[in-house]
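Heads up, the thing below is written out as structure tokens.
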Amino acid sequence: MSKRLIRVTPGEIKSKQGILEKQPLNAILFNGNTIFGRLVSVGASELVLKDTRDHQHRIALSDLYEVVYDDDQDIVPPSRHATL
């Protein structure tokens, strides 16, 4: 079964927190850095990820470009682009 990359903007994270807590994900920052881990919590101004070495990373939502995870259930979300 194929996987699909699902992209979540910082504004959508709080509403999709239940889905994101079940997935290993990549947090992509505006400076180009990527942090891989599992979502621990989401606050008003930051999210916390735990990486594979059990280190916690606090990421300010203002520094976050998007969160990306693999969806293996073949559910395609609606496009963010009006032309697609």
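So if I check each of Val40, Val68, Val48, which one is closer than 14 Å to Arg7 by Cα and either surrounded by fewer than 16 Cβ atoms within 10 Å (Cβ to Cβ) or in contact (Cβ under 8 Å) with a residue 60 or more places away in the chain (or both)?
Val68
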Next item on the list: For the stretch 22-45, enumerate the residues that are modelled with pLDDT of 90 or more, under 16 Å from Asp71 (Cα atoms) and not aliphatic (A, V, I, L, M).
Entry: Pro24, Asn26, Phe36, Gly37, Arg38
Item checked: Residue that is surrounded by the most Cβ atoms within 10 Å (Cβ to Cβ) [pool: residues in the stretch 3-14 that are at pLDDT 90 or above and not hydrophobic (A, V, I, L, M, F, W, C)] -> Pro10
Next item on the list: Output the residues belonging to the stretch 18-37 that are free of Cβ contacts under 8 Å to residues at least 40 places away in the same chain and of a type in the set (Val, Ile, Thr).
Entry: Ile19, Thr34, Ile35
Checklist line | Selection status of Tyr69, under 11 Å from the mean Cα position of the chain (by Cα), among the hydroxyl-bearing types (Ser, Thr, Tyr), assigned to a strand (DSSP E or B) and at pLDDT 95 or above | finding: no
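The values are calculated or read from the model by the stated rules, or taken from the named source; none is laboratory data. A quick note: this is a predicted structure, and the numbers were derived from the prediction, not measured. Note: ideal-geometry Cβ built from the backbone for every residue, glycine included; neighbour counts use all protein chains shown.
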